Amino acid sequence: MSDFQRIGVVGSGLMGSGIAEVCARAGLDVIVREIDAGAAEAGQKRLTKSLDRGMSSGKLTEAERDAALGGVSFTTDLGDLADRQLVIEAAVEDETLKVGIFKELDKVVVDERAVLASNTSSIPIMKLGIATARPEQVIGIHFFNPVPVLRLVELVTSLMTSPETVAAADAFATDVLHKQVIRSKDRAGFVVNALLIPYLLSAIRMMESGFATAEDIDTGMVEGCNHPMGPLHLTDLIGLDTTLAVAQSLYEEFKEPLYAPPPMLSRMVEAGLLGRKSGRGFYDYAR
Ligand SMILES: NC(=O)c1ccc[n+]([C@@H]2O[C@H](COP(=O)([O-])OP(=O)(O)OC[C@H]3O[C@@H](n4cnc5c(N)ncnc54)[C@H](O)[C@@H]3O)[C@@H](O)[C@H]2O)c1
């Protein structure tokens, strides 16, 4: 069984708000830290909207929605995470930023047995662990988007993560959040993104070269391979900025051309075409 009752989440974008939601729905006390009041408000709205969706689809009662909402509070002060037993970092995929967050968390979180986890898609856990004085308590707990829907969690252990930390994180994900856990060693991309990102980049290259349209590429994979969503729709869902950052980490780690981001992806991110979250990516979501 898991002992974690007081959970901290850093970041309330697509993933942080989903992680806060599943923790609150499991009856835990959750504090979410964002960079400013506007971002915290956006995170709170995302959380409320998702819980409302859960209610209208019959997965949650009104009382369960209210209890989950009541279990999450937002702050802009990392110091408010001092009493947390588990902190899950889900800020943007930027190594320097994440290293800074782990340094601060190490100073702020009082419980010397607390586990400091990252939801990073690709940054080596060792780099975050050595930013703290407790690398044996640092682990990757990698959720999938949308967090309340997708069951998978990758547990990523660095060379220094202790067996106790792995056992505690596994019990939390399995028994409390009812996720399906797979384990990965500490290599950029872990299991799923190491396989998925080259596929997404190939679809972007195919479109960029004029080989086929976005619609035909997506229809090909949906109708021909029974995928629930085509690769360009999926890239829009993940976020083009996140996809680019993950590809860059993979390329930096392995130096394999299959991980090199295509110029079109870089240009689209520079233009602010980030996918669903910005209203436009390979498809237009503006209503
Ligand atoms: N998008 C996906 O499908 C997906 C899936 C699995 C894992 N991830 C990983 O999850 C993490 C977050 O991704 P996302 O898709 O939620 O990104 P996002 O851009 O939707 O959200 C990131 C949030 O982090 C906040 N933030 C930035 N600096 C912060 C700080 N210092 N303290 C607190 N909050 C801060 C931003 O304000 C923003 O709200 C990344 O590491 C990403 O690789 C993403």
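The values are calculated or read from the model by the stated rules, or taken from the named source; none is laboratory data. The structure displayed is predicted, hence computed values, not measured ones. Here the Cβ is made from the backbone with ideal geometry for all residues, glycine too, and neighbour counts use every protein chain on show. Side chains are part of the model used for accessible areas, which takes the heavy atoms of the whole protein and leaves out ligands, DNA and RNA. Shrake-Rupley method; radii C 1.70, N 1.55, O 1.52, S 1.80 Å.
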Cross-chain or 6+ apart pairs with Cβ under 6 Å, the range 1-20 first and on the phi > 0 side of the Ramachandran plot, then crowded, with 19+ Cβ neighbours inside 10 Å: 11/90; 11/91
Any chance residue 130 is out of contact with any helix residue (DSSP H, G or I) (no Cβ under 7 Å at 6 or more places or on another chain), buried (at least 20 other Cβ atoms within 10 Å of the Cβ) and either modelled with pLDDT of 95 or more or aliphatic (A, V, I, L, M) (or both): no
Residues (outside any helix (DSSP H, G or I) and either under 19 Å from the mean Cα position of the chain (by Cα) or of a type in the set (Gly, Ala, Ser) (or both)) located in the range 187-228: 187, 188, 189, 190, 191, 209, 210, 212
Scope the range 65-93; condition within 11 Å of the ligand (Cβ to nearest atom), open to solvent by 30 Å² or more (accessible area, probe 1.4 Å), at pLDDT 95 or above and assigned to a loop (DSSP other than H, G, I, E, B); matching residues: 76, 77, 92
Residue match in the range 95-102 (condition: over 17 Å from residue 138 (Cβ atoms), more than 10 Å from the ligand (Cβ to nearest atom) and aliphatic (A, V, I, L, M)): no
Some residue of the range 231-245 being in contact with a strand residue (DSSP E or B) (Cβ under 6 Å, 6 or more places away or on another chain), at pLDDT 95 or above and either away from the ligand (no atom under 16 Å from the Cβ) or assigned to a helix (DSSP H, G or I) (or both): yes
Single condition residue 208 does not satisfy, out of (1) within 13 Å of the ligand (Cβ to nearest atom); (2) over 26 Å from residue 125 (Cα atoms): (1)
Pair list, Cβ < 8 Å and 6+ apart or interchain, from the range 173-192 residues that are under 12 Å from residue 140 (Cα atoms) and in contact (Cβ under 8 Å) with a residue 24 or more places away in the chain to residues that are charged (D, E, K, R) and surrounded by fewer than 18 Cβ atoms within 10 Å (Cβ to Cβ): 187/253; 188/252; 188/253; 189/253
Some residue of the range 155-165 being within 11 Å of the ligand (Cβ to nearest atom) and within 23 Å of residue 30 (Cβ to Cβ): no
Among the residues listed as 140, 189, 220, the single one being open to solvent by less than 40 Å² (accessible area, probe 1.4 Å) and modelled with pLDDT under 95: 189
Subset of the range 256-287 that is over 15 Å from residue 201 (Cβ atoms) and of a type in the set (Lys, Arg) - its residue that is most open to solvent (accessible area, probe 1.4 Å): 287
Members of the range 1-38 that are open to solvent by less than 10 Å² (accessible area, probe 1.4 Å), more than 12 Å from the ligand (Cβ to nearest atom) and not aliphatic (A, V, I, L, M): 21, 23
Qualifying position, being among the small types (Gly, Ala, Ser), under 24 Å from residue 278 (Cβ atoms) and out of contact with any Asp or Glu (no Cβ under 9 Å at 6 or more places or on another chain), among 194, 214, 245: 214
The listed residue being in contact with a strand residue (DSSP E or B) (Cβ under 8 Å, 6 or more places away or on another chain) and touching a residue at least 60 places away in the same chain (Cβ under 8 Å), out of 78, 116: 78
